[in-house]
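Below: one structure, written as structure tokens.
The values are calculated or read from the model by the stated rules, or taken from the named source; none is laboratory data. Every value quoted in this text rests on a predicted model; they were computed, and no experiment measured them. With ideal geometry, Cβ positions are generated from the backbone for all residues, glycine too; neighbour counts draw on all protein chains shown. Surface areas here come from the heavy atoms of the whole protein model, side chains and all, with no ligands, DNA or RNA. Shrake-Rupley method; radii C 1.70, N 1.55, O 1.52, S 1.80 Å.
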Amino acid sequence: MSKESQSSPPEGVVVRDADDYNIVRDVVLWRRKKLSISVLLVATAIWVLLDVYEFNFLTLISWAGMVVVTSAFLWGNILRLLNKEPPDLSGLEISEQRAVEMARKFKSGIEEGIRWMLSVAVEGDCFTFAGTIAALWVVSELGSHFDLLTLLYTGIVLGMTMPPIYVKYEDKIKVFGERLRMQFKKYYDMVDEKVLSKIRNKVAGERKAEVKAKKIE
């Protein structure tokens, strides 16, 4: 088997998804520092303009569009004056296959979210349920003090800083998480033994008494 046949992907396999995943992973883990810095600077600039200076979103998008169109117009005319070919913009086009892939990803993401919520509510253990409720409560408390734009910006900043920290201190974080989990389990077993088990026994005893009373009647 030749090297070319080994390196080439099988027919029908889409490689772009893996490339997109690699780019996102590299940006989040700061393996492409220039691109990561650009994402953080753009997010910061948008947050400052919209939240601090109270720019309107449509106004900001319109001004950004005018800057892009004007820059492209000037650049294209300069290239024509220098008798150079205009830049190839075919790579910016979104093909029909790519649009279908994006729609399929969006659909699968929604389905996974619904499936996860049902699994937590029906099949999940107490730790997963308690963690989910706690996370939703924290989000609700943050939402009462911050607007959506600030929360999105905070999410981007955390998403650009927490993964590298986790990768660097992964072992220590796992050990701490396991200790925290064991401590929570210890408290839960204590509450279950002193409170929940008594409630269950009481309810079971009342049901037995009701069943016995019905049989006597």
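Just one of (1) in a helix (DSSP H, G or I); (2) of a type outside the set (Asp, Glu); (3) in contact with a helix residue (DSSP H, G or I) (Cβ under 9 Å, 6 or more places away or on another chain); (4) under 23 Å from Tyr153 (Cα atoms) fails for Lys105. It is (4).
Taken together, the residues in the stretch 37-82 that are exposed (fewer than 12 other Cβ atoms within 10 Å of the Cβ) and not in a helix (DSSP H, G or I) amount to 4. For the stretch 115-131, state whether one or more residues are under 24 Å from Arg25 (Cα atoms), of a type outside the set (A, V, I, L, M, F, W, C) and under 21 Å from the mean Cα position of the chain (by Cα). Among the residues of the stretch 115-131, not one is under 24 Å from Arg25 (Cα atoms), of a type outside the set (A, V, I, L, M, F, W, C) and under 21 Å from the mean Cα position of the chain (by Cα), which makes the answer no.
When Leu29 is tested against (1) open to solvent by 80 Å² or more (accessible area, probe 1.4 Å); (2) at negative phi, exactly one condition is not met: (1). Scanning the stretch 157-172 for residues that are open to solvent by less than 70 Å² (accessible area, probe 1.4 Å) and among the aliphatic types (A, V, I, L, M), which turns out farthest from Ile46 (Cα to Cα)? Among those residues, the one meeting the criterion is Met160. Can Glu178 be described as open to solvent by 60 Å² or more (accessible area, probe 1.4 Å) and closer than 23 Å to Asp26 by Cβ? It is false that Glu178 is open to solvent by 60 Å² or more (accessible area, probe 1.4 Å) and closer than 23 Å to Asp26 by Cβ. Residues in the stretch 1-59 that are acidic (Asp, Glu) and under 28 Å from Ala99 (Cβ atoms) were compared, and the one that is modelled with the highest pLDDT is Asp26. Here Lys105 passes the criteria (1) at pLDDT 85 or above; (2) loosely packed, with under 11 Cβ neighbours inside 10 Å; (3) charged (D, E, K, R) except the one numbered (2).
Selection over the stretch 188-197 of residues that are closer than 16 Å to Phe129 by Cα and surrounded by fewer than 10 Cβ atoms within 10 Å (Cβ to Cβ) gives a count of 0.
In the condition set (1) free of Cβ contacts under 8 Å to residues at least 24 places away in the same chain; (2) within 28 Å of Asp51 (Cα to Cα); (3) β-branched (Val, Ile, Thr), Ile156 is compliant with all but (1). In the set (1) more than 28 Å from the chain's Cα centre (by Cα); (2) modelled with pLDDT under 80; (3) surrounded by 10 or more Cβ atoms within 10 Å (Cβ to Cβ); (4) assigned to a helix (DSSP H, G or I), the condition left unmet by Pro86 is number (4).
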